[in-house]
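A.B. asks: The structure's right below; bear with me while I get my questions together.
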Amino acid sequence: MVEVDDEVEFRGGVLLGRVRGDPVEVVDYDARWPAKFKRMRTKLAQVLGSEAVHIEHVGSTAVPGLAAKPIIDIQVSVPDVEDEEAYRPAIESCGFELRYREAGHRYFRPPPGKPREFQIHVCTIGSKWERDHLLFRDFLRGHAEEATRYEAIKTDVAGHYRDDRIGYMDAKQPYIAAALGRAEDWAASTGWSRSFSSSRVRQPRRPSPRVQRARA
């Protein structure tokens with residue numbers, strides 16, 4: 001397990017803050033999860049305003065009937081994920097802190113000592129990160145046999161990596177990679193496209209002059 005007090009490079013990105021040390025636990029599906037997501041979605045939408053192009057429920061808790069860690073994954077699509085000042089203060093005002101920064105993705109979760117009911121993934125609208133997570137969610141929602149297989153893998157892996165979240169995530173990756181390949185075939189054969197919980201899609205704004213200068 002990687003533990004840091006400040007910042008450390010990790011797998012092409014940077015880990016920030018302190019490790020929480022929460023055990024890995026997979027529980028039966030909870031019918032209250034969608035409502036909990038909607039409440040947090042409303043809160044995030046209020047503080048983020050037009051910066052949040054989409055706020056989506058992703059991950060296992062977004063798949064009805066699927067056992068999961070009791071932590072709701074929320075995906076926030078913004079015009080430019082590299083412009084952290086446009087969204088980081090707002091997300092942190094809701095009780096989260098930035099834990100991991102990598103190209104195309106920012107990960108927020110509550111700080112140590114606070115309940116871990118939600119975690120937030122920020123990505124750029126239209127990015128591969130956004131698409132992959134929506135596709136995986138929709139594929140599992142539409143294929144009960146895949147969801148059952150994934151649940152069995154997660155339950156088994158959780159028993160081996162109860163105190164190692166990174167080990168737990170790594171152990172699931174072979175299945176996820178293979179399932180995404182099958183999901184791509186399904187998407188091509190059915191004409192799947194990204195679906196969002198809100199029909200209103202705001203047009204992404206141009207990156208700020210500050211960000212443009214930094215990239216020059």
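A.B. asks: State the answer as a single residue: which of Ala31, Val47, Phe96 lies farthest towards the positive end of the charge dipole of the chain, with beta carbon charges of +1 for Lys and Arg and -1 for Asp and Glu, about the Cα centre.
C.D. replies: It is Val47.
A.B. asks: Can you tell me the mean projection area, over all orientations, of the convex hull of the chain's alpha carbons? Units nm², please.
C.D. replies: Over all viewing directions, the chain projects a mean Cα-hull area of 12.4 nm².
A.B. asks: Which of the three applies to segment 29-113, rounded, prolate or oblate, going by the alpha-carbon gyration tensor with a ≥ b ≥ c and a/c under 1.5 meaning rounded?
C.D. replies: Cα axes put segment 29-113 in the prolate bin.
A.B. asks: What are the ³J(HN,Hα) values, in whole Hz, obtained from phi via the Karplus relation 6.51 cos²θ - 1.76 cosθ + 1.60 with θ = phi - 60°, for each residue of segment 110-125 in sequence order, with x given for Gly and Pro?
C.D. replies: x, x, x, x, 10, x, 9, 9, 9, 9, 10, 10, 10, 9, 7, 4
A.B. asks: Then there's this: Among the lysines, which fall within straight-line cross-link reach of Lys172, defined as a Cα-Cα distance under 18 Å, with same-chain neighbours fewer than 8 residues apart omitted?
C.D. replies: Result set, ordered by chain and number: Lys69, Lys154.
A.B. asks: Calculate the FRET efficiency for Ala188 and Arg18 from the Cβ-Cβ distance with a Förster distance of 35 Å, rounded to the nearest 0.05.
C.D. replies: Numbers: r = 43 Å, r/R0 = 1.24.
With R0 = 35 Å, the Cβ-Cβ based efficiency is 0.20.
A.B. asks: How far apart, in nm, are two points set 7 Å out from the Cα along the Cα-to-Cβ line at Lys128 and at Arg141?
C.D. replies: 2.4 nm
A.B. asks: Out of all DSSP beta bridges in the chain, what portion is antiparallel? Express it as a percent rounded to 5.
C.D. replies: 75 percent
A.B. asks: Report, in debye and to the nearest 20, how large the dipole of segment 7-197 comes out about its Cα centre when Lys and Arg carry +1 and Asp and Glu carry -1 on their Cβ.
C.D. replies: Using Cβ point charges on Lys, Arg, Asp and Glu, segment 7-197 gives about 520 debye.
A.B. asks: A further question follows. Hey, what do the phi angles of segment 42-51 turn into as Karplus ³J(HN,Hα) couplings, whole Hz, using 6.51/-1.76/1.60 and θ = phi - 60°, x for Gly and Pro?
C.D. replies: Along segment 42-51, the couplings run 4, 5, 5, 4, 5, 7, 8, x, 6, 5 Hz.
A.B. asks: Sum -39500 (n - 2.57) across every DSSP H segment of at least 4 residues in the chain, then divide by the residue count to get the 222 nm mean residue ellipticity, nearest 500.
C.D. replies: That comes out to -13000 deg cm²/dmol.
A.B. asks: Sticking with the crude label model, points 7 Å out along Cα→Cβ, report the distance from Lys43 to Glu117 in nm, one decimal please.
C.D. replies: About 0.7 nm separates the two model spin labels.
Just so you know, all these numbers are worked out from the coordinates, no wet-lab data involved. Note that the structure is a prediction, hence the values are computed from the model and not measured. So basically every Cβ, Gly included, is an ideal-geometry build from the backbone, and we count neighbours across all protein chains shown.
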